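The values are calculated or read from the model by the stated rules, or taken from the named source; none is laboratory data. As the structure is a prediction and not an experimental result, all values here were calculated from the model. Backbone-built Cβ (ideal geometry, glycine too); neighbour counts: all protein chains shown. All accessible areas refer to the heavy atoms of the entire protein, side chains included, with ligands and DNA or RNA removed. Shrake-Rupley method; radii C 1.70, N 1.55, O 1.52, S 1.80 Å.
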Amino acid sequence: IRSLFAVSSCNLQLPTNLLIYCNFLSSLVCSEMAAISLAIIGKNNEPLYLREFVDEDGGTDDNDVDEAVLFGMAPMENSVEDSTGAATSSSSSTFDCSVRQQFILHAALDRFHQLAGPPPGYGWRSRPGADGMFVGLLCPVEELRVYGYCTTTKIKFLLVVEDDALPREQQINVDSDIKALLKTIHRLYVEEIMNPFHDIFSPVSSKRFDKRVHRQIDAFNQSEGMI
Amino acid sequence: MSKSTAASNGQNLWAKIPKANAELFALTYGALVTEVMRDADGNAHEVNEQLEKIGYSIGIRSVDEFLAKSNAPYCKSLEDTAQVVGKTAFRMFLGINCDVQQHSPTNFSLILQENPLSLFVELPENYKETLQYTILYCGVIRGAMEMLNYKVECSLVKSTLRGDDVDEIKVDLKQVLQDGAGDDYKEE
């Protein structure tokens with residue numbers, strides 16, 4: 001919890017008093033948690049599926065323009081003013097995911113690689129079963145935490161969750177809930193690649209998969225969080 | 001043949017016959033369809049034709065197996081045949097229960113509530129209307145009936161892959177063929 005405060009007080013302009021108060025309150029109440037975005041990365045680190053589920057700022061498509069500039073990415077004037085709509089016209093325009101989330105997921109992927117990649121990686125290797133494949137918390141970013149899950153075929157699942165760091169006993173329950181969610185998403189992904197018309201080397205473009213994942217995430221958010 | 005005996009016959013046969021893994025079956029068929037698609041360069045009509053022909057060659061062979069293994073009694077009319085095909089044959093080979101709807105003395109429909117061939121399948125947008133994925137069944141029925149001297153036309157009316165809630169195969173009797181001695185023996 002202390003590290004979370006340290007990170008947040010550096011980066012955010014919000015009064016730290018407010019943050020302390022909120023965290024205190026939420027640790028008294030039930031855990032407040034919502035899955036914000038999901039990334040599925042292939043074995044050559046190519047993106048297969050990137051999706052944002054909640055507009056945590058309550059924000060809209062306009063934010064993408066500012067965010068792109070904010071993160072030092074050249075504002076892509078042409079694509080932003082595209083008629084297809086700002087939400088999908090970030091630089092990797094095929095994914096329905098805001099720029100900020102993509103940035104966070106990229107950073108988390110670096111950490112993933114550090115943990116589970118080739119030497120001098122930390123030597124984490126995936127074992128059979130959801131327990132073996134769950135990497136755990138990759139990194140906290142402001143109020144978000146990124147969890148990772150890596151299959152034996154090196155397909156990586158990254159889940160960005162908005163939650164508060166809890167005392168150890170409660171955190172274990174939270175971790176196991178997230179593990180269960182990632183296991184379900186893994187199963188949905190497997191069912192999708194069994195589709196004979198799906199090219200496993202290209203991004204997932206199935207609406208059916210999208211709908212199913214969305215449903216799982218909504219169920220998770222409702223059972224865990226207040227969003 | 002009454003409906004209940006056809007169904008119970010089918011069930012008994014299904015219990016005795018050796019079984020295969022449903023996922024393996026569906027994946028094999030999926031691989032077959034995508035390969036045929038690649039050969040036909042994505043022309044959906046050509047693919048449909050090919051799949052129907054494949055079904056036809058399966059049908060002409062499996063009808064003998066069916067008649068040998070089952071105790072299907074003599075069918076006096078197309079209604080009886082429809083019951084045997086829908087309740088006994090489909091149950092024996094695929095393990096699924098099929099509803100039979102008789103539209104007229106020469107026309108019936110088979111309604112499949114579940115389809116083992118289309119497990120996991122989702123048709124891509126550009127093929128949703130044109131590709132008839134389970135047209136294999138139509139070929140099988142056509143082949144089987146032809147060996148019994150019924151010339152039928154089968155078509156896939158409804159398909160779960162296109163958004164309908166069931167699969168429906170319509171079978172239309174065109175002609176009852178006469179046993180011929182073959183072209184070589186035709187009298188001039």
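Of the residues B:88, B:81, only one is closer than 22 Å to residue B:175 by Cα, open to solvent by less than 20 Å² (accessible area, probe 1.4 Å) and either of a type outside the set (D, E, K, R) or not in a helix (DSSP H, G or I) (or both); which?
Testing whether each residue is closer than 22 Å to residue B:175 by Cα, open to solvent by less than 20 Å² (accessible area, probe 1.4 Å) and either of a type outside the set (D, E, K, R) or not in a helix (DSSP H, G or I) (or both) leaves just B:81.
Here's a check for you: in region A:130-163, which residue that is open to solvent by 40 Å² or more (accessible area, probe 1.4 Å) and outside any strand (DSSP E or B) is nearest to residue A:53 (Cα to Cα)?
For region A:130-163, the residue satisfying everything is A:143.
Among A:196, A:203, which is in a loop (DSSP other than H, G, I, E, B), in contact (Cβ under 8 Å) with a residue 60 or more places away in the chain and farther than 25 Å from residue A:127 by Cβ?
A:203
With respect to residue B:97, is the statement that it is away from chain A (no Cβ under 14 Å), of a type outside the set (Ser, Thr, Tyr) and out of contact with any strand residue (DSSP E or B) (no Cβ under 7 Å at 6 or more places or on another chain) true?
yes
Restrict the check to region B:49-65 and report whether at least one residue is over 17 Å from the mean Cα position of the chain (by Cα), part of a helix (DSSP H, G or I) and not aromatic (Phe, Trp, Tyr).
The initial filter retains those residues of region B:49-65 that are over 17 Å from the mean Cα position of the chain (by Cα), namely none.
Within region B:49-65, none of the residues are over 17 Å from the mean Cα position of the chain (by Cα), part of a helix (DSSP H, G or I) and not aromatic (Phe, Trp, Tyr).
Being surrounded by 17 or more Cβ atoms within 10 Å (Cβ to Cβ) and within 14 Å of another protein chain (Cβ to nearest Cβ) is the requirement here; does residue B:130 meet it?
For residue B:130, the condition - surrounded by 17 or more Cβ atoms within 10 Å (Cβ to Cβ) and within 14 Å of another protein chain (Cβ to nearest Cβ) - is not met.
May I ask you to list the residues in region B:133-160 that are within 14 Å of chain A (Cβ to nearest Cβ) and either surrounded by 19 or more Cβ atoms within 10 Å (Cβ to Cβ) or of a type in the set (Gly, Ala, Ser) (or both)?
B:133, B:134, B:136 - these are the residues of region B:133-160 that are within 14 Å of chain A (Cβ to nearest Cβ) and either surrounded by 19 or more Cβ atoms within 10 Å (Cβ to Cβ) or of a type in the set (Gly, Ala, Ser) (or both).
Go over the candidates B:78, B:32, B:67, B:110 one by one and state the one that is within 14 Å of another protein chain (Cβ to nearest Cβ) and of a type in the set (A, V, I, L, M).
On inspection, the qualifying residue turns out to be B:32.
Would you please name the residue that is most open to solvent (accessible area, probe 1.4 Å), looking only at residues in region A:171-227 that are away from every other protein chain (no Cβ under 14 Å) and among the hydroxyl-bearing types (Ser, Thr, Tyr)?
So the residue we want is A:223.
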